[in-house]
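Values in this text are rule-based calculations from the coordinates and carry no lab data. Keep in mind the model is a prediction, meaning the values are calculated, not measured. Note: ideal-geometry Cβ built from the backbone for every residue, glycine included; neighbour counts use all protein chains shown.
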Amino acid sequence: NAGVMQNPRHLVRRRGQEARLRCSPMKGHSHVYWYRQLPEEGLKFMVYLQKENIIDESGMPKERFSAEFPKEGPSILRIQQVVRGDSAAYFCASSPGLDTDTQYFGPGTRLTVL
Amino acid sequence: AQKVTQAQTEISVVEKEDVTLDCVYETRDTTYYLFWYKQPPSGELVFLIRRNSFDEQNEISGRYSWNFQKSTSSFNFTITASQVVDSAVYFCALSERGDSSYKLIFGSGTRLLVRP
C-alpha cells in the first residue's frame, strides 16, 4: 500500500519563476493538507483540500500561492513568481476523512529559490 | 488560541540513556488530539502516536512511552535505552475537534542527538 507521494523531491527555481509541487494521497484518502517548514522551524499549516474543494486556506499567503485538488490527479501547490523567502520544505499529508484524524505525511519537496 | 510548546530545542544523550521530550499545549477545545512525529535526518515525517483528549492512559510501545496529563496540559515522550537511530527531530502536534479542518498545530520541535 503506497504512502503519500510527492514530487519532485527537490526543486530549484530562480526568482520570478513558478514552482509546482505535486502530492498524491494514500489510496482511499480524500483529504489533503499542505504544510510548510522553514529552515530550523516547525511545520506550519497552509491549506486543507478535499476533492475539487478548498476547505481551509487560512494559512496560505494571500498572494502568489494557490492550491487545487482536482477530481482526477494529484493535488497541486503552485507558487508564482517565487522569492528567496519561499525556500522551504513543503509537506503534503493525507487522511481518510474527518472521523480519522491521523494525517500521514509524504517525504516533502525541498524548494530552493536562487 | 491553540499552541504547542516544546521548550527543549536540542537534547544530547549517550546511547542507552533514557530521555524525555516535553510537550505542553494550549487549547480551549474539550475534544482534541495530540500527536508525536519523528523527522529523521533524511527529512520525512514519521507518525508515532495519536492520543485523544478523553484517554489519559499512558501508552508504551517498545522503547517508547507517552505520558498524557490533562491537569498540566502536557504530553511527554520518553525513549528508554536510547539508540543512535533515535537521533532525529521530534515534533509534538495538536488537532482540535472544533476546528473544521482538523489542521495540525506543531511545536517547534526538539532535536535529539544520541551519541555512541
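Neighbouring Cβ atoms within 10 Å as the yardstick, rank B:Tyr102, B:Tyr64 fewest first.
The order, fewest Cβ neighbours first, is B:Tyr64, B:Tyr102.
Between the range A:29-93 and the range B:37-107, what is the separation of their alpha carbon centroids in Å?
Cα centroid of the range A:29-93 versus Cα centroid of the range B:37-107: 23 Å apart.
To make sure I understand the rule: partners must be aspartates and glutamates, Cα under 16 Å from the Cα of B:Lys70, and not fewer than 8 residues away in the same chain. Which ones qualify?
B:Asp22, B:Glu26, B:Asp29, B:Asp55, B:Glu56, B:Glu59, B:Glu96
Which pairs, out of A:Lys71/B:Lys3; A:Lys62/B:Lys103; A:Lys44/A:Lys71; A:Lys27/B:Lys103; B:Lys3/B:Lys103, put more than 22 Å between their alpha-carbon atoms?
Over 22 Å apart, Cα to Cα: A:Lys71/B:Lys3; A:Lys44/A:Lys71.
Counting other C-beta atoms within 10 Å, which of A:Ile79, A:Ile54 has the fewest, and how do the rest follow?
With the sparsest Cβ surroundings first, the list reads A:Ile54, A:Ile79.
Mean separation of Cα pairs under 8 Å and 6+ residues apart, divided by the residue count of chain A: what relative contact order is that in percent?
37
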